[in-house]
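The values are calculated or read from the model by the stated rules, or taken from the named source; none is laboratory data. Just so it is clear, the model here is predicted, and its values are computed rather than measured. Glycine gets a Cβ as well: all are built from the backbone with ideal geometry, and neighbour counts include every protein chain shown. Remember, those area values only see protein heavy atoms, side chains included, never the ligands or the DNA or RNA. Shrake-Rupley method; radii C 1.70, N 1.55, O 1.52, S 1.80 Å.
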Amino acid sequence: MSAVPPPASAPARGEPATPHTAPVGDPHAEPHATPVRAAAAPGAAPATVRWRDPKRVAWMLGLIVPTLPFITWGLVQATGLGVLWFYGPVLVFGVFPLLDLAIGRDARNPPDEVIKQLEDDRYYRWCTYLYLPLQYAGLTFACWLWARGGLSTVDSIGLAVTVAMVSGVAINTAHELGHKRASSERWLSKVALAQSGYGHFFIEHNRGHHVRVATPEDPASSRLGESFYSFLPRTVIGSLRSAWELERARLARLESSPWTPGNDILNAWAMTVVLYGVLIAVFGIVVLPYLLIQSVLGFCLLEVVNYLEHYGLLRGRREDGRYERTRPEHSWNSNNVASNVLLYHLQRHSDHHANPLRRYQALRHVEEAPQLPTGYAGMIVLAVIPPAWRRVMDRRVLAHYGGELDRANLRPGLGRRARARLQGLT
């Protein structure tokens, strides 16, 4: 188990000393601005600070993603263009990267004084909770479309790829919910994971990745010189093994066999079996191939995000041989607004690792954290084209370590030519 994280109200390590605040009586403060009592000089009345979340309304736009099967069907009906069954990846990998460039970045942080009030505002929780019923309504609708027989094979595959976008982003929703203390939210995390069949992520991410992040031992931390296509099988297999070992060890401490309904991996996978079983019983075996397609592509979407979050970053060793504590410089970050709304501030990744329990709306930009050149949506496109990825990212990793190649998390067996190429980037 990882060490107990700092309280949710604590500032992230290395964040700017002066937070962004709105002045008292700010005429631009929205009706949902959060009033707080700021510290005042001894003997003086405390001042009220009003702060507004500039993305408050935008968070609801994240619910566009789970409605993609309905939107896609509507577009096809309106235009008659079968190619629009592939609209899901066009939105995620085409429209969102352009929106990141057009809208730009927002590095503003909530002041320390409003963190608790911000996290207690249940509006933000409903922005994640509502993803789930929309997610499964969309999946059921897709199964109906596959089963009724009106789609060609290509159209059906296009719809499956679109549904995969919902499934992949649902894993990120599960990530947000799975880090919370409330058992109801952790249960909802498993529900969100059922569509992709990736229930073991609930275990490995919280108890494995957060402990071993930015080390060679972490299957979810990619290495300098490692392509996404090399990383993918390593992380899928390694994360599964890690999750099983972590849960087996937990149950062993309780003097229980791993083959029990109390095994959180088995009961998460059971949700997928029941879900697929019900859908096949209702709509027929014809839906199974498309369920498998959306599942695989969905967890691949998660893993490509894992690939870019810690690429080449390495925690140093202390004198006692143990790894240093995770710091802001061990995660790649981005403040691009569109991708942050799509992924619930996942791009403020350093603060997430410093404060895993902190809710997404309160995550903070950290000055010391290395920054990606654009948002996650655009970086995913680069990641699946290895030459483009290496051209953009390898020099950034080297610059982060001052040209010292051996300070990075290097791919094992990196040959002399590859090392020479990397050294030539400095």
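Some observations on this one:
- Just so you know, in the range 316-362 the residues that are of a type in the set (Lys, Arg) and touching a strand residue (DSSP E or B) at 6+ places or on another chain (Cβ under 8 Å) include one that is farthest from Leu91 (Cα to Cα), and it is Arg317.
- Every residue from the range 342-365 that is in a loop (DSSP other than H, G, I, E, B) and touching an Asp or Glu at 6+ places or on another chain (Cβ under 6 Å): Tyr344, Arg359, Leu363, Arg364
- Residue check, Leu314 touching a residue at least 12 places away in the same chain (Cβ under 8 Å), crowded, with 20+ Cβ neighbours inside 10 Å and within 18 Å of the chain's Cα centre (by Cα): no
- Criterion violated by Gly197 - all others in (1) under 20 Å from the mean Cα position of the chain (by Cα); (2) free of Cβ contacts under 8 Å to residues at least 40 places away in the same chain; (3) on the phi > 0 side of the Ramachandran plot satisfied: (2)
- Of all residues making up the range 366-390, the number that are in a loop (DSSP other than H, G, I, E, B) and within 16 Å of the chain's Cα centre (by Cα): 3
- Boolean, Val366 is within 24 Å of Lys116 (Cα to Cα), open to solvent by less than 10 Å² (accessible area, probe 1.4 Å) and in contact with a helix residue (DSSP H, G or I) (Cβ under 8 Å, 6 or more places away or on another chain): yes
- Assessment of the range 125-138 against the conditions (charged (D, E, K, R) and farther than 20 Å from Leu63 by Cα) yields no matching residue.
- Where a residue in the range 144-167 is farther than 11 Å from Gln294 by Cβ and its partner, wherever it lies, is outside any helix (DSSP H, G or I) and small (Gly, Ala, Ser), with Cβ under 9 Å and at least six apart: Ala147/Gly284
- Candidates Gly321, Gly277, Gly312: the one that is on the phi > 0 side of the Ramachandran plot and modelled with pLDDT of 95 or more is Gly312.
- Extreme residue, surrounded by the fewest Cβ atoms within 10 Å (Cβ to Cβ), among residues of the range 253-289 that are among the small types (Gly, Ala, Ser) and farther than 21 Å from His200 by Cβ: Ala281
- Hey, Phe202 over 17 Å from the mean Cα position of the chain (by Cα) and either at pLDDT below 95 or over 26 Å from Ala408 (Cβ atoms) (or both) or not: no
- Residues located in the range 334-346, provided they are surrounded by fewer than 22 Cβ atoms within 10 Å (Cβ to Cβ) and over 12 Å from the mean Cα position of the chain (by Cα): Asn335, Val337
- In the range 190-219, the residues that are among the small types (Gly, Ala, Ser), within 23 Å of Leu308 (Cα to Cα) and not in a loop (DSSP other than H, G, I, E, B): Ala192, Gly208
- Within the range 374-425, being in contact with a Lys or Arg (Cβ under 8 Å, 6 or more places away or on another chain) and open to solvent by 70 Å² or more (accessible area, probe 1.4 Å) holds for Arg411, Pro412.
- Thr215 vs. criteria β-branched (Val, Ile, Thr), touching a strand residue (DSSP E or B) at 6+ places or on another chain (Cβ under 6 Å) and either open to solvent by 10 Å² or more (accessible area, probe 1.4 Å) or modelled with pLDDT of 95 or more (or both): yes
- For the condition within 26 Å of Val366 (Cβ to Cβ), at pLDDT below 50, open to solvent by 30 Å² or more (accessible area, probe 1.4 Å) and out of contact with any Ser or Thr (no Cβ under 9 Å at 6 or more places or on another chain), Thr18 qualifies.
- Candidates are the residues of the range 135-182 that are surrounded by fewer than 23 Cβ atoms within 10 Å (Cβ to Cβ) and charged (D, E, K, R); the one that is nearest to Arg358 (Cα to Cα) is Lys180.
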